[in-house]
Amino acid sequence: MTTDVEHVGERRVEVRHATTADEWLEALRGHGKVSPAARWRRRFVIVVALVLAAMSFRVMPEGGSLNPFGLGGAALVLLITLVLAPRAAARAQQRIHEARGERVITVDASGVCVETAHTLSRTGWAALSRYVETRRLFVLVSADEQVACLVCVPKRSTDGQDRSEPLRALLDAHLPAAGEGRR
């Protein structure tokens with residue numbers, strides 16, 4: 001049962017949800033926008049692809065030539081690292097979480113609690129640095145930049161209730177949105 005109750009002068013929001021592979025992909029993309037390591041990795045891949053593409057052109061006084069293997073290699077690097085790898089990671093996350101069953105995510109004054117039939121994980125606000133809002137999720141990002149920890153909180157629960165407004169109010173009270181400084 002999804003609840004929205006007053007809890008010691010502060011709201012408590014509970015969302016029941018089974019996250020899909022598309023939502024995990026959305027979460028990974030949201031995390032990639034705010035993660036310095038992900039931005040660096042994306043830039044590195046683009047530079048490698050540009051170098052491969054540039055190496056495929058040979059300019060000589062009598063004319064130029066094109067090596068299609070260099071362009072193909074550049075396209076393959078971009079396809080694998082920017083399209084296929086994130087999709088595979090999202091599917092892997094979805095399979096892991098599918099095996100655990102439906103998640104009950106509780107957001108309150110103490111932080112975020114994610115509970116399944118077999119596990120319980122609590123993350124306090126101090127362990128989180130900010131949140132990113134996507135179309136279907138709130139992605140909570142770890143304060144430790146060396147850790148790729150993120151918590152995905154869906155805006156809609158399994159029963160279809162839109163939980164975005166109370167969730168946004170709680171998150172705004174404890175974390176800055178991406179792009180804002182740490183409070």
**OP:** Could you tell me whether segment 20-127 comes out rounded, prolate or oblate from its Cα gyration tensor? Rule is a ≥ b ≥ c as square roots of the eigenvalues, rounded for a/c under 1.5, then prolate if a/b exceeds b/c, otherwise oblate.
**Re:** prolate
Subject >> Residue with peak Gaussian network fluctuation, the chain [Cα springs, cutoff 10 Å], from 121, 157, 110 >> reply: 121
Subject >> Label corresponding to P(r) over Cα pairs in 10 Å bins from 0, in percent when calculated from the structure given, among (i) 8, 26, 30, 22, 12, 2, 0; (ii) 9, 26, 26, 18, 12, 7, 2, 0; (iii) 9, 31, 28, 15, 9, 5, 2, 0, 0 >> reply: (iii)
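Which percent, to the nearest 5, of DSSP beta bridges fully inside the chain are antiparallel?
If we restrict to bridges inside the chain, about 95 percent are antiparallel.
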**OP:** Taking only protein heavy atoms into account and a 1.4 Å probe, give the accessible area per residue of segment 65-183 in Å².
**Re:** 54 Å²
**OP:** Note down the accessible area of residue 174, probe 1.4 Å, to the nearest 10 Å².
**Re:** 50 Å²
Subject >> Residue of 37, 21, 75 that the Gaussian network model of the chain assigns the largest fluctuation, springs spanning Cα pairs under 10 Å >> reply: 75
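The values are calculated or read from the model by the stated rules, or taken from the named source; none is laboratory data. Since the structure is predicted, the reported quantities are computational estimates derived from the model, not experimental observations. Heavy atoms of the whole protein, side chains included, go into the accessibility calculation; ligands, DNA and RNA do not. Shrake-Rupley method; radii C 1.70, N 1.55, O 1.52, S 1.80 Å.
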